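Reviewing the structure listed below.
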Protein chains: 2
Amino acid sequence: MDTEKKTLDVCLTPALIENFNTDDTLIVIIDIVRASSTICTAFYYGADEVLPVADKSKALSYKQQGYLIAGERNGEKLQGFDFGNSPFEFMTTDLEGKKLAITTTNGTQNIEKVSQHLGMNSEIVIGAFVNYKVLLNYLRGSGKNILLVCSGWKGNVSIEDTLFAGKLIDDLNRFNQYTFPTDSANHALLIYEQAKDDIFGFIMDQSMRFKDKISLLGNDIRYCLKEDATNAIPVLTDGKFVNRQEGKGN
Amino acid sequence: MDTEKKTLDVCLTPALIENFNTDDTLIVIIDIVRASSTICTAFYYGADEVLPVADKSKALSYKQQGYLIAGERNGEKLQGFDFGNSPFEFMTTDLEGKKLAITTTNGTQNIEKVSQHLGMNSEIVIGAFVNYKVLLNYLRGSGKNILLVCSGWKGNVSIEDTLFAGKLIDDLNRFNQYTFPTDSANHALLIYEQAKDDIFGFIMDQSMRFKDKISLLGNDIRYCLKEDATNAIPVLTDGKFVNRQEGKGN
């Protein structure tokens, strides 16, 4: 049977999103350190919905509407919020059946930016090492074009998001044949190939952003690189994430 | 002596230029296939100045002002122009002492975009394999921060520009110690490391853009990868490029 190949592409930073056609596309939002990993963890510990909010005052206002609220800027927990952005804070039974509103330095702004560029028949899902296996199955089963959107760092690229995109491309290509419409997928794949034997060591060696933050972020980063620590499939529906994990949520 | 380290960074596509501080910075414009290589070639064959023009009608109007004019869109030479964008067309004594106005699909738009973001005490120079050795010496001698701006492809990244940036980083780092303010330099360096043993084969293997254009662009690409085929240092001065090559131009 001669079926049309789907496209597999990477947007290396949300600043480039307008270069991409997102019709009939499953869009994977990647912010490994830490928003993607944190959102998956919140669902794994029972959160009922996760509402991404770009503005911190608006996020704070959800407290009065019965939400738990998570807020972070430049790595620090915001005053008045229940949580910061460390995934370890979300490993608590307090989240069971609760709604969570979250605002972070990069991640939630990027979700807003990508949401504004959604094509027809598209969907946004959160991708991380901590939901890798279920995510890969979800992508394989979708039958859609796939666009991996790296959140990057302050408008530019980030090595950990790029290499994660490369890992997904490496595995997706084992099962399906995709076309790569741009050179971005190859950028990601080539970087992943050099990182794959020791991803933690690679990130620490490559990125100036983390070298001086090992004491602050080291444990978080180790967790964020832990494959399949959760089985969450956070999918954006009517502006909020719900968990598409089989047998849970909807 | 404790001198402050300079920064070395890469802007992977001009769409990201606003992320970068360009004060006290030598900016290298990279458009390997083909504008960078073509402009160096035009100077090597004696052109007196090269005026980059984003708009094709405006470029055409320079014909009446005594310029030779080069125009290309999507790989094709534009009607009414003296040259297209193949470097082989510029290997002619017709260029000696002449002014050339040039407009191309990506390259000249990108020069305009970067020019609009010029910081204090900055300079724009053209970089290509065909002027590699003289360019490297020029960068080493500048004592400035260095920003390599890849022209990319249609707003996104391109493998040949990224790997060229990686090659420059690899060599610059042998002589000076730079800081890498973002993750982009490492992206470029990691890709160059995998390409360096066979750059032509790598580009052809990696980029969908070139696979079906080998008969049209193959010879051009081979020339564009030829190190030191020229000794031109095209520097932007008052909106036009002049050749800073020692003993010639100014």
Most mobile listed residue (A:Phe175, A:Phe210, A:Phe129) in chain A, GNM with C-alpha springs under 10 Å: A:Phe175
Å³ per residue enclosed by the Cα convex hull of region B:83-158: 144 Å³
FRET efficiency, 1/(1 + (r/R0)^6) with R0 35 Å, evaluated for B:Asp24 and B:Thr93 via beta carbons: 0.30
Ranked packing of B:212-218, A:230-236, most packed first, by mean Cβ within 10 Å: A:230-236, B:212-218
Rel. contact order, % - alpha carbon contacts under 8 angstrom, at least six apart, chain B: 32 percent
Long-range amide H partners of B:Asn145 with built H, under 5 Å: B:Thr7, B:Leu26
Note, ³J(HN,Hα) from phi for region A:41-55, Karplus 6.51, -1.76, 1.60, rounded to Hz, x at Gly and Pro: 5, 4, 5, 4, 8, x, 4, 8, 8, 10, 9, x, 10, 6, 8
Alpha-carbon Rg/Rh ratio, for the protein assembly as shown, with Rh computed the Kirkwood way: 1.02
Other-chain or far-sequence residues with amide H under 5 Å of B:Cys11's (modelled H): B:Leu148, B:Val149, B:Cys150
Shielding of B:153-163 by partner chains, average beta-carbon count, 10 Å: 5
Calculated label separations, A:Gly80, copies of the chain, 7 Å along the beta-carbon direction, nm: 6.2
Surrounding net charge for B:Val10, when Lys and Arg each add one and Asp and Glu each subtract one, Cβ distance under 13 Å: -3
Computed label-point distance, nm, for sites B:Ser61 and A:Ser115 using a 7 Å Cα→Cβ extension: 4.6 nm
Size of charge dipole - the protein assembly as shown - debye, nearest 20, with Cβ of Lys, Arg +1 and Asp, Glu -1, no other charges: 400 debye
Kirkwood-type radius of region B:1-63, with distances r between different C-alpha atoms, in Å: 15.0 Å
Sum of -39500 (n - 2.57) over DSSP H runs of 4+, divided by residues of the protein assembly as shown (222 nm, nearest 500): -10000 deg cm²/dmol
Sites B:Asn137 and A:Arg140 - FRET efficiency at Förster radius 51 Å, r taken between beta-carbons, to 0.05: 0.50
Cα convex hull of region B:106-250, projected area averaged across orientations, nm²: 9.5 nm²
Contour minus Cα-Cα distance for B:Gln79 and B:Asp48 (0.36 nm per residue): 8.8 nm
Whole-Hz couplings from phi, Karplus 6.51/-1.76/1.60, listed for region B:14-28; x for Gly and Pro: x, 4, 9, 4, 5, 6, 10, 7, 10, 5, 6, 10, 8, 9, 9
10 Å Cβ neighbours from other chains, averaged over peptide A:4-16: 2
Taking A:Asp23, B:Asp94, B:Asp161 and counting other C-beta atoms within 10 Å, the order from fewest to most: A:Asp23, B:Asp94, B:Asp161
Using θ = phi - 60° and Karplus 6.51 cos²θ - 1.76 cosθ + 1.60, couplings along region A:219-227 (whole Hz; Gly, Pro as x): 5, 4, 5, 4, 5, 4, 9, 7, 5
Of A:Lys113/B:Lys154; A:Lys58/A:Lys99; A:Lys6/A:Lys133; A:Lys6/A:Lys226; A:Lys6/B:Lys56; B:Lys6/B:Lys154, those spanning more than 24 Å from alpha-carbon to alpha-carbon: A:Lys6/A:Lys226; A:Lys6/B:Lys56; B:Lys6/B:Lys154
Radius of gyration, Dmax [region A:1-105; alpha carbons; angstrom]: 16.6, 58
Prolate/oblate/rounded call for region A:52-118, Cα gyration tensor, a/c under 1.5 rounded: prolate
Amide H partners (placed H, <5 Å) of B:Gln245, local residues excluded: B:Ile233
Highest to lowest packing among B:117-124, A:187-194, scored as the average C-beta count within 10 Å: A:187-194, B:117-124
Neighbourhood charge, 12 Å Cβ-Cβ cut-off, centred on A:Ile30 and excluding it, Lys, Arg +1 and Asp, Glu -1: -1
Share of alpha-carbon pairs per 5 Å distance bin for chain B, given as whole %: 1, 7, 15, 19, 21, 17, 12, 6, 2, 1, 0, 0
Kirkwood hydrodynamic radius (C-alpha pairs) into Stokes-Einstein, region A:124-200, 25 °C and 0.890 mPa s, D in µm²/s: 189 µm²/s
Charged-residue dipole, Cβ positions (Lys, Arg, Asp, Glu), region B:94-250 about Cα centre, Debye nearest 20: 320 debye
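Values quoted throughout were computed directly from the atomic coordinates according to the rules given, and no laboratory measurement underlies them. Predicted, not measured: the structure shown is a model, and the values here were computed from it. For neighbour counting, all protein chains shown are included, and Cβ atoms are generated from backbone atoms with ideal geometry for every residue, glycine included.
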